[in-house]
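Here is the structure we will look at.
Coordinate-derived values only; no laboratory data. From a predicted model like this one, the values you see are computed outputs, not experimental measurements. Cβ coordinates were reconstructed from backbone atoms using ideal geometry, including for glycine residues, and neighbour counts include every protein chain displayed.
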Amino acid sequence: MAQRRFSQAISEGDGISLIVEVADAESARAAAAQGAEGVIVRRPIDGLRDAVELPILWRGQGRPTEAAAGGADAWTVRVTDDDDDGDRLAAEHAEAAELGLDCVVEVRSEEELELALERLDPEIVLFSVDPDDDADALQRALDLLPDVPAGKLAVAELSEAGRDQVDELERAGVDAVIVGARNVAELVGDAVPEV
């Protein structure tokens, strides 16, 4: 099966794209039927590539080679304060690009965003949720968005997002939002046609 471009999926069409974390092929099919434009996995899932035509973003452990072997189309590079010189970032980014994976650069702060832009010049930036502070995720995304240069794709992670939050992110210029596994049809702006 041909590789799908994650960047293309979230930049095409009208409105904000919804990306859903899935645990199995059946939940991926359900997300696709409800209007998701991409799925996230943290480990290889049997039959996922055959179940959906959506691009797959890998957010699991390991190296880009494991993501590619698991059928992913995109790889998450996590920016952390402990990599001040950016060597790890550059190595992971280069490895993923060599494998043909889109690189999604995950940041949680202004400092991490600055490091990512300086060291990697990413096409896609993910405003990630701090596991200890999910309540502030919407405001963090809105605060960081103005620092993302024009022409880059911005993705916000809001595991408990409602329609109002998705609309607010869309108005602000965010290209996609990662939502928790659930009924995503309620978050899609236009009605999804019956399948």
- request: Extending each Cα 7 Å along its Cβ direction at A150 and A91, get the distance between those two points in nm, one decimal.
  value: 3.8 nm
- prompt: Mind listing the Cα extents of region 6-187 along all three principal axes, in Å, largest one first?
  reply: 42, 37, 31
- prompt: Taking R0 as 25 Å, what's the FRET efficiency between E12 and D164 from their Cβ-Cβ distance, rounded to 0.05?
  reply: 0.55
field: Relative contact order (%) - criterion: Cα under 8 Å, at least six apart; region: region 6-187
entry: 22 percent
